[in-house]
Each structure stands twice: as structure tokens, then as C-alpha cells.
Amino acid sequence: KNDYEYAKTKLNNISFFILPCSEFKKRNKKVLREELALTKFSPIIATHGLMNTNKNIPDIVRAISKLKKDYPDILLLSLSAVSSNNIYSQGVYEEVISLINEKKLENNVIVFTNFLSDPEIEVILRCSDVNIWAYKDVGESASASIRKALASDNPSIVTDINMFSELKDEVLKIKDGSPEQIEVGIKKVLNDKDLVEKITSRAKEFIERYS
């Protein structure tokens with residue numbers, strides 16, 4: 001919206017629209033977890049986005065290490081494709097793997113390094129308890145991947161940056177993507193059923209409005 005307001009002061013041939021959303025198929029989370037052999041894990045945290053510096057995957061892993069003290073069976077599903085077309089992707093991936101080994105999280109983090117199809121992403125995000133998009137602000141105007149999180153029927157946490165400025169009560173916003181803020185945000189969602197109900201119901205309204 002800010003980009004649009006700026007652009008229309010210079011141009012007269014522009015329009016503003018919200019990126020469209022898609023609804024997920026109705027699936028039973030318990031059945032999905034059984035089929036994917038995930039029943040021994042709780043809570044399950046998911047994130048999605050190309051393995052890149054601004055996606056902040058290393059700090060999410062650090063937060064999982066902190067959370068493991070209270071939730072020994074926690075699992076992070078990181079849908080983070082490693083792209084040969086991105087100069088940072090492989091380096092960030094190696095940092096993530098090093099952290100997993102250092103923090104002894106081999107049984108608590110699964111990194112999907114291939115580009116997954118939309119149906120695969122849909123199923124995995126549906127299995128989660130919490131979605132976390134701890135992105136850093138690099139000047140992008142909107143996020144396409146957050147729409148998949150909103151459609152998952154699970155609460156989403158995002159950093160308070162311009163990319164997510166169109167979202168209000170549809171998500172829980174944390175001030176930055178530090179491990180401490182991520183940990184606090186995830187605990188808040190896990191321990192507040194009323195907050196989860198509010199976030200998921202507003203997210204559903206958002207998806208329906210912009211489908």
C-alpha cells in the first residue's frame with residue numbers, strides 16, 4: 001500500500017490489488033500426522049520460503065533449541081528450498097545444518113531442500129501447530145508464501161516489517177526475528193487458545209475476502 005501511495009504521486013497508470021489467496025482442502029490434522037509418522041512430535045512448528053539470508057532460518061533453529069527445554073518433542077519443519085540461482089542459499093543451508101548439529105537438534109528439525117509442489121506444501125503446513133515467518137526487512141512489498149500459512153488453519157507469527165503490513169489480527173506480530181522474540185511468540189501462541197481462535201478466524205476471513 002505504501003508503494004502504491006508513492007507511485008501514484010508520479011504515475012497515473014497504476015492500480016492496487018491484494019495478492020490473491022487460495023483455500024486449502026479440508027484435511028484432518030491427526031490423520032495427516034499419522035500418515036506422515038509425526039505423531040510423536042509436539043508441538044510442530046513450520047516455516048516456508050527459499051533458503052536465503054532474509055528468511056532468518058538460522059535464528060528460527062536457535063529458537064527451537066531454546067524451546068526444546070520446555071518442549072522436548074518439538075519439531076521444526078523448514079520448507080526451505082536451496083537454490084543454485086541464489087548466491088547465499090547454499091551458505092545459509094550449511095549454517096543451518098551446522099547449528100542443528102551443534103545444538104543436537106537432529107531429531108527436532110527437518111529441512112526440505114527441494115522445491116515442493118503446492119499440494120505438498122499444503123499438507124505439511126496443515127500438520128503444524130504454529131507457522132513462523134521471521135523474515136528480515138529487505139524492502140519487499142508483500143509475501144506470497146504467507147498466504148499459504150494463513151490458509152493452513154493454524155496460527156501464524158510474522159515479524160513486524162513492511163512485507164506483512166497488510167496483515168493485522170490475522171497473525172501475531174513480533175518486533176524482530178531474534179531467537180528470543182521467536183521463542184516468546186511461539187510460547188504465547190501455544191499457551192493462549194483464545195488468541196489462536198482469533199488469529200485463525202481472522203486469517204480465514206482474509207483468505208475468503210481475497211480468494
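The values are calculated or read from the model by the stated rules, or taken from the named source; none is laboratory data. What you are looking at is a predicted structure, and each value in this text was computed from that prediction instead of being measured. Methodologically, a virtual Cβ is constructed for each residue, glycine included, from the backbone with ideal geometry; neighbour enumeration extends over all protein chains shown. Ligands, DNA and RNA are excluded from the accessible area calculation, which covers all protein heavy atoms including side chains. Shrake-Rupley method; radii C 1.70, N 1.55, O 1.52, S 1.80 Å.
Structure summary
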read-out: Residue identified as under 16 Å from SER143 (Cβ atoms), open to solvent by 60 Å² or more (accessible area, probe 1.4 Å) and in a loop (DSSP other than H, G, I, E, B) among SER84, SER22; value: SER22
read-out: Failed condition for ASN56, given (1) over 13 Å from the mean Cα position of the chain (by Cα); (2) of a type in the set (S, T, N, Q); (3) within 30 Å of ALA7 (Cβ to Cβ); value: (1)
read-out: 3 or more residues open to solvent by 30 Å² or more (accessible area, probe 1.4 Å): qualifying helices (runs of 4 or more DSSP H) within the range 128-211; value: 179-190, 193-209
read-out: Residue count for the range 102-127, restricted to those that are part of a helix (DSSP H, G or I) and surrounded by 15 or more Cβ atoms within 10 Å (Cβ to Cβ); value: 6
read-out: Residue check for ILE60: among the aliphatic types (A, V, I, L, M), at pLDDT 95 or above, surrounded by 18 or more Cβ atoms within 10 Å (Cβ to Cβ) and more than 16 Å from ILE186 (Cα to Cα); value: no
read-out: Qualifying residue in the range 122-141 (condition: modelled with pLDDT under 95, of a type in the set (S, T, N, Q), over 24 Å from ASN28 (Cβ atoms) and under 11 Å from the mean Cα position of the chain (by Cα)); value: no
read-out: Residues being touching a Leu at 6+ places or on another chain (Cβ under 9 Å) and without any contact (Cβ under 8 Å) to a residue 40 or more places away in the chain - total across the range 42-56; value: 0
read-out: Odd one out for THR47 among (1) within 15 Å of LYS136 (Cβ to Cβ); (2) open to solvent by 30 Å² or more (accessible area, probe 1.4 Å); (3) at pLDDT 95 or above; value: (2)
read-out: Residue list for the range 154-171, filter: in contact with a helix residue (DSSP H, G or I) (Cβ under 6 Å, 6 or more places away or on another chain) and either modelled with pLDDT under 95 or not hydroxyl-bearing (Ser, Thr, Tyr) (or both); value: PRO155, ILE157, VAL158, ASP169, GLU170
read-out: Unique residue being of a type outside the set (D, E, K, R), part of a helix (DSSP H, G or I), open to solvent by less than 80 Å² (accessible area, probe 1.4 Å) and closer than 26 Å to TYR210 by Cβ when the list is LEU32, LEU99; value: LEU32
